[in-house]
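The values are calculated or read from the model by the stated rules, or taken from the named source; none is laboratory data. This one's a predicted model, so the numbers in the text were calculated from it and none came from an experiment. Cβ atoms come from the backbone with ideal geometry, glycine included; neighbour counts cover every protein chain shown.
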Amino acid sequence: MSCLLRILHEGCQTQMLTDETLPKNSNPNDSRAPNKPSTKKAKPAPNLLSQQTDWRVVPYWFAALAGLIYAAGFLVDFTFLSVLGIRETMAEAFKAKYVYVGLLCLQFPVSVAVVILGFARIMRSMKLDRIEGTKVGRFLPSMLLIMNLLFVFYLLIGFARSKMGTFYEHEGVFSLIFALTVIGLILARNLEDWIADKRKESRSQRIRWLLSIFGVWFWNAVRWLLFVLSSALTIIAFWHLWPMLWEMLRQGGYLYFGMIGLIITVLYRVDVNMSRYMRLGMKRTVILLAICICLAFAYLAILAFAARIYPYIPASRGGGDYTTEPPSVLTFDPRHSPNIPSQLLDRTTDQCRSNPLVILRETADTLFVAVPTKTNGPCQWRRLGRVSKPVELFALKREAVAVITFDNEPSKALSCEWSAIQDNVVEPLASPPVGSPCLTNANPPTP
């Protein structure tokens, strides 16, 4: 009852205030009543820049990004090992390596997508503001310069190796590429603005005519020249790497870049037509459809990366290319020698050790190894098809291996020719020779 009385009392006060604000001899229901300008100040439009950023959402975005990178790395590594023929348990599902592999898979396409979509939006907004077309044209060579720099960084991180474009071999070239891209673009823009200001301030017609030579077209030509020089230096720096990259594309690597291109196209079309979708009330629907389509393309891109790109990234950088790995020799524990496959044993020595082999995978308790041959080695393992993968894989328990010897001499590094190690590899016998220490000194393995 008290609540009802309070509501009636407040309603009466509101009616009294309304009556007081009306002009005298005026009917509130009369549409012909004079409309006097209101003295009440209009509420200013909210300023989005002045609103405080909600930093509480940052951890959620960071967790989502980290989860995406980790999931991509896990999917790439799992798919690559499955294609190679290695089966692992899920006991080691959480590895720091997956973060690095995920970055190798996502860093380049995400960077390229951000650059393309960002420059496209800038150019589109400038055209809507009816800015001179020649000024808008400065962004195309700038975008290509930045993309070339990202491409150089990605090749250095993922594919470069000894005598194939490493930083210490072409340090001056890479420094010049960085200077042409970053410092060159900054200087070109600052000089363009400075000369334009000087031309406006000058009262001499001759000076203004001379400065008019350095107009927008001139500086656009300078940016294109910087792009041509940067591209030429990139070709020279990775001159010996291009054949391998071309082989990678022919083996199906183009599928990965094709999927990335489709994702960028979908995002671009959504961004261009977003205002139209908002007018039609279809914003959420279109965004949901775009996310579903991009996720499907992203999944296919990750699988293509695992099977077609990842085998060409050196194993020393987290990839699946063993052509740059040094050969390994295992010295076995004599107690476990009866269980060692005869294909692994080196019968040219009196020690219980293996032939030069490749360690494909290491876990906490298992070593996955393969014996390379002239017709089935790491160079063939990079290619498509099950026939190009290791013919025999061996999973050795770590307690059966006493010592692992890595021969880091550059001349003996594994390569496509295999001449460095095949001179010492003899066709294995069906069983070790009589008198081999793997048999004479062997003790029964401990249970």
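Being surrounded by 18 or more Cβ atoms within 10 Å (Cβ to Cβ) and outside the structural domain of Leu303 (by TED's automatic domain parsing): is that true of Val387 here?
On the way: surrounded by 18 or more Cβ atoms within 10 Å (Cβ to Cβ): no; outside the structural domain of Leu303 (by TED's automatic domain parsing): yes.
So Val387 does not fit the description; no.
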Ser337 passes all but one of the listed conditions (1) over 24 Å from the mean Cα position of the chain (by Cα); (2) in a strand (DSSP E or B); the exception is number (2)
Here is a list of conditions, (1) surrounded by 15 or more Cβ atoms within 10 Å (Cβ to Cβ); (2) within 30 Å of Ala306 (Cβ to Cβ); (3) at pLDDT 85 or above, and Ala400 meets all of them except one; can you say which number that is?
(2)
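Going residue by residue through segment 225-234, is there one that turns out to be of a type outside the set (A, V, I, L, M), farther than 30 Å from Thr324 by Cα and surrounded by 12 or more Cβ atoms within 10 Å (Cβ to Cβ)?
Here is the first cut: in segment 225-234, the residues of a type outside the set (A, V, I, L, M) are 227, 230-231, 234.
From the residues that got through so far, the ones that are farther than 30 Å from Thr324 by Cα too are 227.
Filter once more, so that each one left must be surrounded by 12 or more Cβ atoms within 10 Å (Cβ to Cβ): 227.
Among the residues of segment 225-234, at least one is of a type outside the set (A, V, I, L, M), farther than 30 Å from Thr324 by Cα and surrounded by 12 or more Cβ atoms within 10 Å (Cβ to Cβ), which makes the answer yes.
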Checking Arg203 against (1) modelled with pLDDT under 80; (2) buried (at least 16 other Cβ atoms within 10 Å of the Cβ), which single condition isn't satisfied?
(2)
Being touching a Gly at 6+ places or on another chain (Cβ under 9 Å), under 30 Å from Arg317 (Cα atoms) and modelled with pLDDT of 85 or more: is that true of Gly73 here?
yes
Which one of these does Phe139 not meet: (1) buried (at least 17 other Cβ atoms within 10 Å of the Cβ); (2) modelled with pLDDT of 90 or more?
(2)
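At least 1 residues that are out of contact with any Pro (no Cβ under 7 Å at 6 or more places or on another chain), touching a residue at least 24 places away in the same chain (Cβ under 8 Å) and among the aromatic types (Phe, Trp, Tyr) in each: list the helices (runs of 4 or more DSSP H) lying fully within segment 156-223 that qualify. It would help to see each step written out before you state the result.
Values: elements: 171-178, 184-201, 205-212.
Once the helices (runs of 4 or more DSSP H) in segment 156-223 are filtered for at least 1 residues that are out of contact with any Pro (no Cβ under 7 Å at 6 or more places or on another chain), touching a residue at least 24 places away in the same chain (Cβ under 8 Å) and among the aromatic types (Phe, Trp, Tyr), what remains is 171-178.
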